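Quick notes on the structure that follows.
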Amino acid sequence: MAFPKDFLWGGATAANQYEGGYDQGGRGLSTQDVRKAGSRTKKRTVTYLDRDGNLKEATRFEPMGIGSKGVVVEGEYYPSHQAVDFYHHYKEDIALFAEMGFRCFRMSISWTRLFPRGDEETANEEGVRFYRDVFIELRKYDIEPLVTLNHFDLPLYLANEKGGWVSRDTVGYFVNYARTCFENFSGLAHYWITFNEINCMLDWNKLGILTDEPDEFYQALHHVFVASALTVREGHRKDSRNRIGMMVAYGAMYPFDCSPDTYLNHLHCMHNMQWYCDVQCRGYYPSYKKKELERLQIHIEQAEEDERILKEGTVDFIGFSYYFSVVSKAGINVMMTGDQSHAVENPYLKKNEWGWQIDPVGLRSVLNELYDRYQKPLWIVENGYGGIDTPEYDFEGDIKAIHDDYRIAYLRAHIAEMKKAVELDGVDLIGYTPWGCIDLISAGTGEMSKRYGFIYVEMDDQGRGSLRRFRKDSFYWYQNVIHTNGEEL
Ligand code: BG6
């Protein structure tokens, strides 16, 4: 058997795209709650008041300007508010995951469900109770939770009033929140991720940054690194069974051609992705990054103890998302984010409807690359095919079946490469949690029609629908994959 018998097969979600119940159980608003839906052709925007009180909208990379505050506008549709309502469907959903044979389920905790403003000392009891109930429900079926503490959300109050991650205070607020989780969920959850896709956090939604000044970005990111390291330390102290990982968006990257200059540029592009892992796995800023910051005259305020904190708070495993591969070319800003509209085309690969270049073999390369570089256990915490599903209806107009052979083909090819990495290359891979195991809101576009799930949720791009859940063909296929521990694909 290629995969170890305790291999963690499962699926992944995130609160702001899945949970809903945004104003229930004492939950506070997060930065994602003021983010409207977009589409393949229209970027998502945040609604905010500028410093003079004018109502405006900004896309992810448009700086909102100092003094701006995110606001909810009456009558607008914000996908995170309801999402697909895990809040009220968690028992039904977990039963379906169990039916598929999940051994693990990745979810995130909504920071504002526990700390509505973010800076409170004690947690909202109703929020704690909700997550405890969810974990107990998972344990009932022997499903191990993998908990992301921060998946792209930040308490709106901290962003609006306290400078978000630019302020050092946010480190303390976050660590208090993480400590609360370790204390309250001890014995129920042992696998944790501190920050989702740490290399994709460069906007207001995630960091609370208001300008496009590199100083502001690097300062905020430094605080995230420190908060993550302190969280790792705290988690280990609270319970020696805790395993705490980092998470990065990591795709295979190929140099455009074989010229020496192209290769050197390629190395620099790789560094742009790798330096996040270097800090969190090795415990210090790599020399190439220090030199780059020096050259750009970027100044980061660091506390005296930060070096030691980063050293002591290195992670136990590397979680990463893998969806597509990219090509590096001088003058092109190679990004691992969802918007691949400016990506250099790879003639050897096909794309999905959102322009993501599908590359299963690249996954094997990446597994080798990360394992060689860091020698830490790896976990593919996101992977999957986002596409449009067309259900088949019966005479009464009820959904009868969803034939998603394209999704099965994508996953089959990727798992086959994972298997080779384990069996032939000796990579220490501990788990696989494909993204959006149940249909949920797309982070990039805010659409519902970009679906990843094994389970179909009846809902449209405006949040209308019965929210009923249906098994797709991939549901039964994945069930057999887990049942045979990856032997039958
Ligand atoms: C990752 C994120 O970037 O990719 C998820 O961690 C996201 O939150 C996923 O949903 C897929 O991206 P998208 O834009 O298709 O939802």
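The values are calculated or read from the model by the stated rules, or taken from the named source; none is laboratory data. From a predicted model like this one, the values you see are computed outputs, not experimental measurements. Neighbour counts run over all protein chains shown; Cβ positions are idealised from the backbone, glycine included. The accessibility values were calculated without ligands, DNA or RNA, using every heavy atom of the protein model including side chains. Shrake-Rupley method; radii C 1.70, N 1.55, O 1.52, S 1.80 Å.
For this structure, a couple of remarks:
- Taken over the stretch 281-297, residues that are open to solvent by less than 100 Å² (accessible area, probe 1.4 Å) and of a type outside the set (A, V, I, L, M) amount to 9.
- Residue ID - surrounded by the fewest Cβ atoms within 10 Å (Cβ to Cβ), chosen from residues in the stretch 303-324 that are away from the ligand (no atom under 15 Å from the Cβ) and assigned to a loop (DSSP other than H, G, I, E, B): Glu304
- Scanning the stretch 31-81 for residues that are open to solvent by 30 Å² or more (accessible area, probe 1.4 Å), over 20 Å from Gln17 (Cα atoms) and either outside any loop (DSSP other than H, G, I, E, B) or aromatic (Phe, Trp, Tyr) (or both) yields Leu49, Leu55, Lys56, Glu57, Phe61, Lys69.
- In the set (1) among the hydroxyl-bearing types (Ser, Thr, Tyr); (2) more than 24 Å from the chain's Cα centre (by Cα); (3) assigned to a strand (DSSP E or B), the condition left unmet by Tyr456 is number (2).
- Scanning the stretch 133-173 for residues that are away from the ligand (no atom under 16 Å from the Cβ), of a type outside the set (Val, Ile, Thr) and open to solvent by 10 Å² or more (accessible area, probe 1.4 Å) yields a count of 18.
- Looking across the stretch 342-382, just one residue is within 13 Å of the ligand (Cβ to nearest atom) and among the small types (Gly, Ala, Ser), and that is Gly355.
- Looking across the stretch 359-377, the residues that are surrounded by fewer than 19 Cβ atoms within 10 Å (Cβ to Cβ) and not in a loop (DSSP other than H, G, I, E, B) come down to Val361, Ser365, Asn368, Glu369, Asp372, Arg373.
- Among the candidates Ile380, Ile415, residue that is in a strand (DSSP E or B) and open to solvent by less than 20 Å² (accessible area, probe 1.4 Å): Ile380
- Selection status of Gly28, crowded, with 16+ Cβ neighbours inside 10 Å and away from the ligand (no atom under 16 Å from the Cβ): yes
- Options Gly384, Gly446, Gly426; residue that is more than 19 Å from the chain's Cα centre (by Cα), of a type outside the set (Ser, Thr, Tyr) and at positive phi: Gly426
- Exactly one residue among Thr211, Thr194 is of a type in the set (S, T, N, Q), open to solvent by 30 Å² or more (accessible area, probe 1.4 Å) and not in a helix (DSSP H, G or I), and that residue is Thr211.
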